[in-house]
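Notes follow once the structure below has been shown.
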Amino acid sequence: NEYQKQFVLVYPSIMEDKVLLQFLISKYDIDAKLIKQRVINVMLLIVKYHKHRFQDDFEGGTELHELIINFISSNCSDKTFNKQLLSILGSLNDGISAAMLTESKGQIAELSPKQLAKQLCAIEIRLFKQIRLYNL
């Protein structure tokens, strides 16, 4: 939706990222498919156009990243929207596509333990990439 895109492009001048994300997360809890779909669409746009805001070198970026990760983790069992939620994660993490995260064509509950472990590793790969050699 063009209005959603326009809003996402200007929201940083209107409100803080955390306030918007918390609002969207609260709206996702409403049991209506249309609202959930809109929340996901806006989150995808936020991650697409403001990816830098979720990085560690951006003030509050780590907290925003954790907020989205926790949101996706707690809702990825939603059979209707799990692929879209994982696509947010794929957009958020550098170099990880949603296709890699959804290796299985089935639902999350149908994943084998090995496939689930791969997905959990993919979620945390961004953190692993940031470990410097002297930290080991």
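Values for this structure:
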item: Whichever residue in the stretch 78-93 is in contact with a helix residue (DSSP H, G or I) (Cβ under 6 Å, 6 or more places away or on another chain) and open to solvent by 40 Å² or more (accessible area, probe 1.4 Å) and, among such residues, is modelled with the lowest pLDDT; result: S91
item: Flag for V47 being touching a His at 6+ places or on another chain (Cβ under 8 Å), surrounded by 14 or more Cβ atoms within 10 Å (Cβ to Cβ), in contact (Cβ under 8 Å) with a residue 12 or more places away in the chain and among the β-branched types (V, I, T); result: no
item: Selected residue (only one of E124, E103 is among the acidic types (D, E) and at pLDDT 65 or above); result: E124
item: All positions within the stretch 21-35 that are in a helix (DSSP H, G or I) and over 14 Å from the mean Cα position of the chain (by Cα); result: F23, S26, K27, K33, L34, I35
item: Residue check, L9 closer than 14 Å to L85 by Cα, out of contact with any Cys (no Cβ under 8 Å at 6 or more places or on another chain) and either touching a residue at least 60 places away in the same chain (Cβ under 8 Å) or in a helix (DSSP H, G or I) (or both); result: no
item: Residues being among the charged types (D, E, K, R) and under 12 Å from I88 (Cα atoms) - total across the stretch 34-71; result: 2
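Let's see how each residue does on (1) modelled with pLDDT of 90 or more; (2) surrounded by 15 or more Cβ atoms within 10 Å (Cβ to Cβ):
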{"residue": "V19", "(1), (2)": "yes, no"}
{"residue": "Q22", "(1), (2)": "yes, no"}
{"residue": "K27", "(1), (2)": "yes, no"}
{"residue": "K36", "(1), (2)": "yes, yes"}
{"residue": "E59", "(1), (2)": "no, no"}
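Per-residue answers, yes or no, for (1) within 11 Å of the chain's Cα centre (by Cα); (2) open to solvent by less than 70 Å² (accessible area, probe 1.4 Å); (3) not hydrophobic (A, V, I, L, M, F, W, C):
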{"position": "H52", "(1), (2), (3)": "no, no, yes"}
{"position": "D56", "(1), (2), (3)": "no, yes, yes"}
{"position": "I68", "(1), (2), (3)": "yes, yes, no"}
{"position": "S73", "(1), (2), (3)": "yes, yes, yes"}
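The values are calculated or read from the model by the stated rules, or taken from the named source; none is laboratory data. If you're wondering where the values come from, they're calculated on a predicted model, not measured in any experiment. In this analysis, Cβ positions are derived from the backbone assuming ideal geometry, glycine residues included, and neighbour counts consider all displayed protein chains. Ligands, DNA and RNA are excluded from the accessible area calculation, which covers all protein heavy atoms including side chains. Shrake-Rupley method; radii C 1.70, N 1.55, O 1.52, S 1.80 Å.
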